[in-house]
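Step one of this worksheet: look at the structure below.
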Amino acid sequence: MQTCFAEQSYVVKHYQSQARYQFGHELLQLALSKVDKKYTINAFDRYPINEARGEKMLSNGDFDVQWLSTSVAREENLIPIKIPIYRGLLGLRLLLVKKQYKNKFSHIETVEDLRKYTGGHGSHWTDLSVYPANQLPVHTNANYDPLFLQLANDRFDYFHRGLNEIWREYLKHKDKLAIADNVMLYYPNPVYYFVNKNKPELASAITKGLNIALNDGSYKALFFKQHGDNIEKGNLKSRTLITLVNPDIPKGTPKINTDWWLPKP
């Protein structure tokens, strides 16, 4: 009598279960579906975990992978997979502002114009350093959700959000907030998968799967399935582009190919 054994499934744990992380989760599933081993991805969703705590838990081995903006510290403490998962899209920022201030923000054309106002940002987010590097005033909060309430209550003037994030957030807060027309910000902000240092085989599998998905077109198809409508709604050709410096990009970071979505000047 022949005994059949079920194929072993390797569990991959991460904490990024919020809606704004959906693309990273789905791309991870796609990449791991391309390799020989079978993987099951478990997203921790019992309570929200912010980036700082999640990164510590990843380093400690409580989780296996996360996808966040790169930094020198992250590349030293974790295994970075240097394929920018959003193709630079997270570095393309639109301004979420209080409804009654929409018109004045729509007339911003230079970084000097933007310096007249105070932005809001997460205190533990890696790209916070973009503000001082460009002489931009900033108000911070350790938690994500209160920033929208603080913007509505005039604690700061604008909250720049990634093109892949802002539409969902706007719909949730459209009674008080609006998206400024005619202006967009950009700074290099590669988001990588980072893997616990004790899981090099997982890092290799993700890297292999991403490259296969890039070559067979399934990565690009998923990208536009998730972000195509947002790119179209953004009407990027009509917006003035203000390019900012990101001082925390590690030396030698490959330039991001934004050809999929960023209009040529």
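Overview of values
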{"item": "Region 182-204, residues that are more than 22 Å from Asp64 (Cα to Cα) and more than 22 Å from the chain's Cα centre (by Cα)", "result": "Asn182"}
{"item": "Pro80, sole failed condition from (1) open to solvent by 30 Å² or more (accessible area, probe 1.4 Å); (2) under 28 Å from Pro146 (Cβ atoms)", "result": "(2)"}
{"item": "Qualifying positions in region 101-115 - surrounded by fewer than 22 Cβ atoms within 10 Å (Cβ to Cβ), touching a residue at least 12 places away in the same chain (Cβ under 8 Å) and not in a loop (DSSP other than H, G, I, E, B)", "result": "Tyr101, Lys102, Val111"}
{"item": "Every pair of residues 6+ apart whose Cβ atoms lie under 8 Å, when the first sits in region 235-259 and is within 18 Å of Ile81 (Cβ to Cβ) while the second is open to solvent by 70 Å² or more (accessible area, probe 1.4 Å) and assigned to a loop (DSSP other than H, G, I, E, B)", "result": "Thr253/Lys82; Pro254/Lys82"}
{"item": "Total residues in region 152-165, condition out of contact with any helix residue (DSSP H, G or I) (no Cβ under 8 Å at 6 or more places or on another chain) and over 16 Å from Ile108 (Cβ atoms)", "result": "3"}
{"item": "In region 184-210, the residues that are of a type in the set (Val, Ile, Thr) and surrounded by fewer than 19 Cβ atoms within 10 Å (Cβ to Cβ)", "result": "Thr207"}
{"item": "For Arg168: the one exception among (1) under 25 Å from Gly228 (Cβ atoms); (2) open to solvent by 30 Å² or more (accessible area, probe 1.4 Å); (3) more than 15 Å from the chain's Cα centre (by Cα)", "result": "(3)"}
{"item": "All positions within region 3-31 that are open to solvent by 60 Å² or more (accessible area, probe 1.4 Å) and of a type in the set (A, V, I, L, M)", "result": "Ala6, Val11"}
{"item": "Lone unmet requirement of (1) closer than 25 Å to Ile85 by Cα; (2) in contact (Cβ under 8 Å) with a residue 12 or more places away in the chain for Asp145", "result": "(2)"}
{"item": "Positions within region 45-80 being polar (S, T, N, Q) and in contact (Cβ under 8 Å) with a residue 12 or more places away in the chain, in sequence order", "result": "Asn50, Ser59, Gln66, Ser69, Thr70, Ser71, Asn77"}
{"item": "For His121: the one exception among (1) touching a residue at least 24 places away in the same chain (Cβ under 8 Å); (2) surrounded by fewer than 18 Cβ atoms within 10 Å (Cβ to Cβ)", "result": "(2)"}
{"item": "Lone qualifier among Lys34, Lys98 - being surrounded by 15 or more Cβ atoms within 10 Å (Cβ to Cβ), in contact with a Lys or Arg (Cβ under 8 Å, 6 or more places away or on another chain) and closer than 19 Å to Asn211 by Cα", "result": "Lys34"}
{"item": "Residue match in region 41-55 (condition: closer than 22 Å to Ala221 by Cβ and assigned to a strand (DSSP E or B))", "result": "yes"}
{"item": "Residues being among the hydroxyl-bearing types (Ser, Thr, Tyr), surrounded by 16 or more Cβ atoms within 10 Å (Cβ to Cβ) and modelled with pLDDT under 95 - total across region 37-77", "result": "3"}
{"item": "Which listed residue is among the basic types (Lys, Arg) and farther than 19 Å from Lys197 by Cβ, from Lys82, Lys13, Lys34", "result": "Lys34"}
{"item": "Residue satisfying condition, being within 17 Å of Gly88 (Cα to Cα) and either open to solvent by 70 Å² or more (accessible area, probe 1.4 Å) or touching a strand residue (DSSP E or B) at 6+ places or on another chain (Cβ under 8 Å) (or both), within set Leu241, Leu214", "result": "Leu241"}
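The values are calculated or read from the model by the stated rules, or taken from the named source; none is laboratory data. Note that the structure is predicted; figures quoted are calculated from it, not measured. FYI the Cβ positions are ideal-geometry reconstructions off the backbone, even for glycines, and counts take in every protein chain you see. For accessibility, only protein heavy atoms count, side chains too; no ligands or nucleic acids. Shrake-Rupley method; radii C 1.70, N 1.55, O 1.52, S 1.80 Å.
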